[in-house]
Amino acid sequence: MRIDEINSKEDFILFLKQLTNDIEKNNQDWENQDLSSYFESMQAWIEDTDDSNFEGGLWEVMSKIILAPKYYE
């Protein structure tokens, strides 16, 4: 599911299920594999990211924030 397709609570729930499945199958692809580094990376991404990433609907913005630590150091 693409981030820009997440427009509702139901979409967000599906996104979280897919993300859970991804980390279980592909955790070697995740930059942050433990919860503390995941949250640290989330905070850093929020601080460093351009404000344009916070445009869009609530569900889309929340999805961006939750997905960012997968790739962001």
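The values are calculated or read from the model by the stated rules, or taken from the named source; none is laboratory data. What you see is a predicted model, and the numbers here were worked out from it, not measured in a lab. In this analysis, Cβ positions are derived from the backbone assuming ideal geometry, glycine residues included, and neighbour counts consider all displayed protein chains.
Some points to look at:
So that you can scan it fast, the table gives a plain yes or no per residue for (1) crowded, with 16+ Cβ neighbours inside 10 Å; (2) free of Cβ contacts under 8 Å to residues at least 24 places away in the same chain; (3) not in a helix (DSSP H, G or I):
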| residue | (1), (2), (3) |
| --- | --- |
| ASN27 | no, yes, no |
| GLN33 | no, yes, yes |
| PHE39 | no, no, no |
| MET42 | yes, no, no |
| GLU47 | no, yes, no |
| GLU60 | yes, no, no |
| SER63 | yes, no, no |
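- LEU67, sole failed condition from (1) part of a loop (DSSP other than H, G, I, E, B); (2) under 13 Å from the mean Cα position of the chain (by Cα): (1)
- Pick from region 38-73, criterion over 22 Å from THR20 (Cα atoms) and polar (S, T, N, Q), ranking: modelled with the highest pLDDT: THR49
- Looking only at region 1-16, and only at residues there that are assigned to a helix (DSSP H, G or I) and under 12 Å from the mean Cα position of the chain (by Cα), the one that is modelled with the lowest pLDDT: ILE3
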